[in-house]
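Structure record follows, encoded as structure tokens.
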Amino acid sequence: MMGNLCIAMAKGRLAKEAVKLFRQAGYNMPDNMLKSRKLIFEIESEKLEIILVKPADVPIYVEYGTADLGIVGKDTLLEENRDLYEVLDLEYGVCEFALAGLPDRKDTLLERKVATKYPDFTRRFFRSRGEPVEIIKLNGSIELAPLTGLADTILDIVETGRTLKENGLVIYESIRDLSARLVVNKVSMKTRQNEITAIIEALDKVVNGDDGNA
Amino acid sequence: MSTFVEGVRDILPAELRKRRTIYQIIREVFESSGYREVITPTLESLELYAGIEGLVDKDEMFKVVDDRGQILVLRPDLTMPIARLAASRFQNSPRPLKFSYLSSAFQSKNSQSLSLKEKTQAGVELIGSDNLESDLEMILLLIKTMEKVGVEEPLVDIGHADLINEIFSDLKINEEAKKELRKLLAAKNKIGIKNYIKKIDLADNTAEILLRLPSLFGNPQQVIKELNKMPLSAETGQVLKTLEKLFNKLTEFDSLKYITFDPMLISRHGYYTGLIFKGYARGYSNLLASGGRYDNLTEKFGVEEAAVGFALEIENLLDFLNRTGNFNEDPVQRFLLSYEKKEDFKFAYLLAEDLREAGFAAEVYNGADKEYIDFQQIDFEIYIKEKCLELKQTGGEIAVLKRNRKEALEYLILNKIEEWE
């Protein structure tokens, strides 16, 4: 029953950084990992299994315990709002949640229309402010929404702001900082404490140096 | 028309056979410890559940309106109905009250337990007893139950509802910050805590303690030792002493090896007042049981009473046992009898009755093919011929027996079946 510890990583850029991080922490990661089309990697020497899944699925795999640990952006964690332990800020993939739109936004007569890939977070955000909005869920190219008149505001992740700028949009408001996080299944944390703590500590050391606990 | 309802399911014979075994074991363990089973109604009044913070969200309950316009709910949990019983019908009965239950609970949203809206829970409640021994008894009973149903390495994670409150009052943290920090501590979110305490005014050692808490869990004695090193008040020390006593008792029973301690174990069920615990199996990442002390649950009915209990999550337990293959399978062997000659139906029928009498399951049917035999989970086939009986284990060899009911039965009971097992 006690197989290798399973780590779910968000496919793409975050996985690349995660693999780098694990290597820096002294873990032996296969060379072909990111070029291959394989989705599961058994790393016997490290007693690890790594699965590559869509970012939004990482919290799901971890909550259900299919994966014991996961590496995923805080944006996804906020949107999915799952019951997990969030144990480490990996300090890469740094960006922010921001509201943006055309420079000369007029107050709308009706409810403000907000386009986003993060409808759940957006709903909670505006509800906490007591502002009624109409949320439009999009799956990509959010910047198009204000340009085409679909929405007057977007809530999206902003890294350098270049995409916004190139599309003639401006940031109205920064909401919060984001970065990649290490999350742990709540039961695994207890049932496999030693193995998991070893990973947390090794990664913590790389990210925060030796005084990570201070 | 779609007649399919999401989140509920049919339990079919193959699964039920396994469930029954588990049910039987659980019932035996509970009853033999003096916890007699009760069945409370599926429908309860909304009033019963309203106003109990943290128990079940109002919008997570299934509501039904009866013919007089009264709002009822499909019971979202099984502890409240028993608290109701204790405070009403059994108000004047001798204490402690011991009850067990095995029923389903209904919740419209449920992130655990495979998203089922109807889940089966088996549990015990001990009402009117507030000593250390009753806490101990609950934990030992949970370990025993898990072991008996086939959890080879049970784990019980223990916490205490007062601990976080005492630590907060030691650290002089205001109400708003408490709420936020409680969430962050429950998620062991060190980063969140680090960021949050930057925003509020705290003494230096307070920040240090708060940042230490998320990684403080595991080996009970070690965690207590670490906590004792912190500058905490006498009240907090008192809670720790109680827990330490419990851990010492568990050591006496050679059970501390099953125990982990998490000072920040915070239950979804806000009604817990003292001990909180959760049951796990090593290597399985879902919750198998949860329980604790809820000394103010009956307060709602005008009587305040100490109570402690736990509930096993049957669906998770089944899922776990199915993965490990460690089922204490229902031992009843299933026979299918068929006959060559029409007039042998009577012989077949009587032999089937003999087998049933001897504790086997038997059916007489002449048209069975392989698919039917698989579907009915037949273990043995008996073919009645003119001169002899052919006994065949599904997927196995054929043995030829004399055509004599008494002898055949003796043979089946004494020899072949045991040998084959």
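Counting only the backbone N, which residues of region B:116-135 are under 15 Å from the spot 7 Å out from the Cα of B:Lys148 toward its beta-carbon?
Under 15 Å, as judged by backbone N against the label point of B:Lys148, lie B:122-125 of region B:116-135.
Could you rank the peptides B:243-255, A:49-61 by their average count of other C-beta atoms within 10 Å per residue, with the highest value first?
A:49-61, B:243-255
Can you work out ³J(HN,Hα) from phi for every residue in region B:191-203, in order, using Karplus 6.51 cos²θ - 1.76 cosθ + 1.60 and θ = phi - 60°, giving whole Hz and x for Gly and Pro?
4, x, 5, 4, 5, 5, 6, 5, 7, 10, 8, 9, 5
Considering the alpha-carbon set of chain A alone, what are its Rg and its Dmax in angstrom?
When restricted to the Cα atoms of chain A, Rg and Dmax are 19.3, 62 Å.
Using only Cα atoms, locate the centre of region B:119-173 and the centre of region B:370-402, then give the distance between them in Å, rounded to an integer.
50
In whole Å, what are the Cα extents of region A:1-126 along the three principal axes, biggest one first?
62, 29, 26
Provide, in order from the shortest bin, the percent of all Cα-Cα pairs of region B:1-142 in each 5 Å bin, continuing until the bin that contains the maximum pair distance.
Taking every Cα pair in region B:1-142, the percentages come to 2, 8, 15, 18, 20, 17, 12, 6, 2, 1, 0, 0.
Which of the GluC sites (Glu not before Pro) across region A:113-195 are loop residues per DSSP, with 12 or fewer other Cβ within 10 Å?
A:Glu159
Just the number please: accessible area per residue for region B:209-313, 1.4 Å probe, all protein chains included, in Å².
Per residue, region B:209-313 has an accessible area of 38 Å².
Determine the shielding of peptide B:189-197 by partner chains: average, over its residues, the number of Cβ atoms on other chains within 10 angstrom of each Cβ.
That average works out to 4.
What's the carbon and sulfur percent of chain B's accessible surface, probe 1.4 angstrom, rounded to a whole number?
48
Based on alpha-carbon atoms only, what is the radius of gyration of region A:106-182 relative to the globular estimate 2.2 N^0.38 Å?
Here the answer is 1.10, to two decimals.
If we sort B:186-198, B:374-386 on the protection proxy, mean other Cβ atoms within 10 Å, highest first, what's the order?
Result, highest mean first: B:186-198, B:374-386.
Using amide H atoms built 1.01 Å from N in the peptide plane, name the residues 5+ places from A:Ile43, or on other chains, whose amide H lies under 5 Å from its own.
Excluding prolines and chain starts, which carry no amide H, the hits are A:Leu48, A:Glu49, A:Ile50.
Of B:Val64, A:Val87, which has the most accessible area and how do the rest follow, probe 1.4 Å?
Largest to smallest exposure gives the sequence B:Val64, A:Val87.
In what sequence, highest mean first, do A:34-40, A:62-68 appear when ranked by Cβ atoms within 10 angstrom?
Put in order of decreasing packing, that is A:62-68, A:34-40.
How far, in degrees from 0 to 90, does helix B:132-149 lean away from the longest principal axis of the Cα atoms of chain B, to the nearest 10?
Between helix and principal axis, roughly 30 degrees.
Looking at this model, which pairs from B:Lys178/B:Lys229; B:Lys148/B:Lys241; B:Lys148/B:Lys406; A:Lys137/A:Lys165; B:Lys117/B:Lys278; B:Lys117/B:Lys190 are more than 26 angstrom apart at the alpha-carbon?
In this structure, B:Lys148/B:Lys241; B:Lys148/B:Lys406; B:Lys117/B:Lys190 lie more than 26 Å apart at Cα.
Full extension from B:Arg282 to B:Gln70: what is 0.36 nm times the residue separation minus their Cα-Cα distance, to one decimal in nm?
Extra length from B:Arg282 to B:Gln70 when fully extended: 71.8 nm.
If each of B:Lys183 and B:Glu15 carries a label point 7 Å out from its Cα toward its Cβ, how far apart are those two points in nm?
With each label point 7 Å from Cα toward Cβ, the separation is 3.5 nm.
Given a Förster distance of 41 angstrom, what is the FRET efficiency for B:Phe327 paired with B:Glu390, based on the Cβ-Cβ distance and rounded to 0.05?
0.85
Can you run the Rg to Rh ratio on region B:213-267? Use alpha carbon positions and the Kirkwood inverse-distance Rh.
Looking at region B:213-267, the ratio lands at 0.96.
Residue by residue, what Karplus-based ³J(HN,Hα) values in Hz, rounded to whole numbers, does region B:372-389 have, using 6.51, -1.76 and 1.60 with θ = phi - 60° and x for Gly and Pro?
With coefficients 6.51, -1.76 and 1.60, one gets 5, 5, 5, 4, 7, 6, 6, 8, 9, 10, 10, 10, 8, 9, 5, 10, 8, 10 Hz.
I want to check the label-to-label distance for A:Asn194 and B:Glu410. Put each point 7 Å from Cα in the C-beta direction and report it in nm to one decimal.
The two pseudo-label positions are separated by 5.7 nm.
Quantify how strongly other chains surround peptide A:173-186 by giving the mean number of their Cβ atoms within 10 Å of each of its Cβ atoms.
Counting other chains' Cβ atoms within 10 Å and averaging over A:173-186 gives 2.
Can you list the HN-Hα couplings for region B:31-47, worked out from phi with the Karplus curve (6.51, -1.76, 1.60; θ = phi - 60°), rounded to whole Hz and with x for Gly and Pro?
Here the 3J(HN,Hα) series is 5, 5, 9, x, 8, 7, 7, 10, 10, 9, x, 5, 9, 10, 7, 4, 3 Hz.
Run lengths n ≥ 4 of DSSP H only: what is the helix-derived mean residue ellipticity at 222 nm for chain B, with -39500 (n - 2.57) per run over all residues, to the nearest 500?
-11500 deg cm²/dmol
Using bins 5 angstrom wide from zero, how does P(r) for region B:282-342 break down, in % of all Cα pairs?
Cα pair-distance distribution for region B:282-342, in percent: 4, 12, 13, 11, 10, 10, 9, 9, 7, 4, 4, 3, 2, 2, 1.
Mind jotting down the three principal axis lengths of region B:73-199 based on Cα atoms? Whole angstrom, largest first.
Largest first, region B:73-199 extends 52, 37, 36 Å along its Cα principal axes.
Using a Förster distance of 41 angstrom, determine the FRET efficiency expected from the C-beta separation of A:Gln24 and A:Tyr172, and round it to 0.05.
0.60
Starting from the Cα of B:Arg89, step 7 Å along the direction of its Cβ; do the same at B:Lys63; then give the gap between the two resulting points in nm.
Once both label points are built, they end up 2.8 nm from each other.
Take peptide B:278-289, look around each residue's Cβ out to 10 angstrom, count Cβ atoms belonging to other protein chains, and average those counts.
For peptide B:278-289, the averaged partner shielding equals 5.
Rg and Dmax in Å for region B:141-186, alpha carbons only: what are they?
16.8, 46
Provide Rg and Dmax in Å for the protein assembly as shown, with only Cα atoms included in the calculation.
That works out to 29.7, 99 Å for Rg and Dmax.
Can you pull the Kirkwood radius for chain B, inverse mean 1/r over Cα pairs, to one decimal in Å?
About 25.0 Å, per the Kirkwood formula over Cα pairs.
Considering the zone a paramagnetic label at B:Asn205 would reach in this model (a point 7 Å from Cα along the Cα-to-Cβ line), which residues of region B:157-183 have amide N under 18 Å from it?
Under 18 Å, as judged by backbone N against the label point of B:Asn205, lie B:166-173 of region B:157-183.
If you put +1 on each Lys and Arg Cβ and -1 on each Asp and Glu Cβ, how big is the dipole of region B:217-261 around its Cα centre, in Debye rounded to 20?
40
When every alpha-carbon pair in region B:240-349 is counted, what percent end up more than 20 Å apart?
More than 20 Å apart: 63 percent of the Cα pairs in region B:240-349.
The values are calculated or read from the model by the stated rules, or taken from the named source; none is laboratory data. Just so you know, these numbers come straight off a predicted model, no measurement behind them. FYI the Cβ positions are ideal-geometry reconstructions off the backbone, even for glycines, and counts take in every protein chain you see. These area figures cover heavy atoms from the full protein model, side chains too; ligands, DNA and RNA do not enter into them. Shrake-Rupley method; radii C 1.70, N 1.55, O 1.52, S 1.80 Å.
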